[in-house]
Amino acid sequence: MRTLVLNAGYEPLAVVSFKRALILVLNQKATVLAGSGEKLVHSASDEYALPSVILLQRYVRIPSTRSVPVSRRGVLRRDGFRCVYCQKAANTVDHVQPKSRGGKDTWENLVACCLKCNNTKSDKTLSELGWELRSQPRMPQGLAWTVRGAERFEPEWDEFLALPNAA
């Protein structure tokens, strides 16, 4: 079970384990905004509902120029786990401009790719193969990308992330 953490300004900060969230609540550093319902944790003397969303008591400022760190998982997620060249299921990441030719590990140079296309492309450029990108890769935008640890969303988080359908 994972818990969404909001700062005192109701801005999403991170996703933490239910244990960490429960410790924050028990130490009166956070309050529970939404629970997971019927799921309970039992101690020797009490029982607690598992928190799904907690609000920190003190304000924690979020930098407005927050960039999303590049990761293999993030590139695959951004491209919908589909190969940008053939649209089949992607399980690898490819450098559009090969590293051997000066390509960098950036959002703009990394794309999701299937193993077959990645092996075919090798260290060639797109123009050498006659291939084209279906869309220009960019750093992902939006609140869902800046919340640390949030790859999947729980239904209880929707109203706090202002997402119409978080899945």
Return the pairs, sorted by first residue and then second, in which the second residue is surrounded by fewer than 17 Cβ atoms within 10 Å (Cβ to Cβ) and assigned to a strand (DSSP E or B), the first residue lies in region 9-29 and is touching a residue at least 12 places away in the same chain (Cβ under 8 Å) and outside the structural domain of E47 (by TED's automatic domain parsing), the beta carbons are less than 7 Å apart, and the residues are 6+ apart or on different chains. none
If I ask for residues that are among the polar types (S, T, N, Q) and part of a strand (DSSP E or B), which ones from region 17-46 would you list? S17, T31, S36
Being aliphatic (A, V, I, L, M) and under 20 Å from Q141 (Cα atoms) is the requirement here; does V96 meet it? no
Which residues, counting only those in region 19-32, are crowded, with 18+ Cβ neighbours inside 10 Å and under 22 Å from the mean Cα position of the chain (by Cα)? A21
List pairs: first in region 38-57 and within 20 Å of L6 (Cβ to Cβ), second among the basic types (K, R) and assigned to a strand (DSSP E or B), Cβ under 6 Å, 6+ apart or cross-chain? L50/K39
Unique residue being surrounded by 13 or more Cβ atoms within 10 Å (Cβ to Cβ) and modelled with pLDDT of 80 or more when the list is L126, L161: L126
Do you know which residues across region 129-141 are more than 28 Å from the chain's Cα centre (by Cα) and surrounded by 13 or more Cβ atoms within 10 Å (Cβ to Cβ)? L129, W131
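The values are calculated or read from the model by the stated rules, or taken from the named source; none is laboratory data. Model, not experiment: these values are computed from the prediction. Cβ sites come from the backbone with ideal geometry, for glycine too, and all protein chains shown count toward neighbours.
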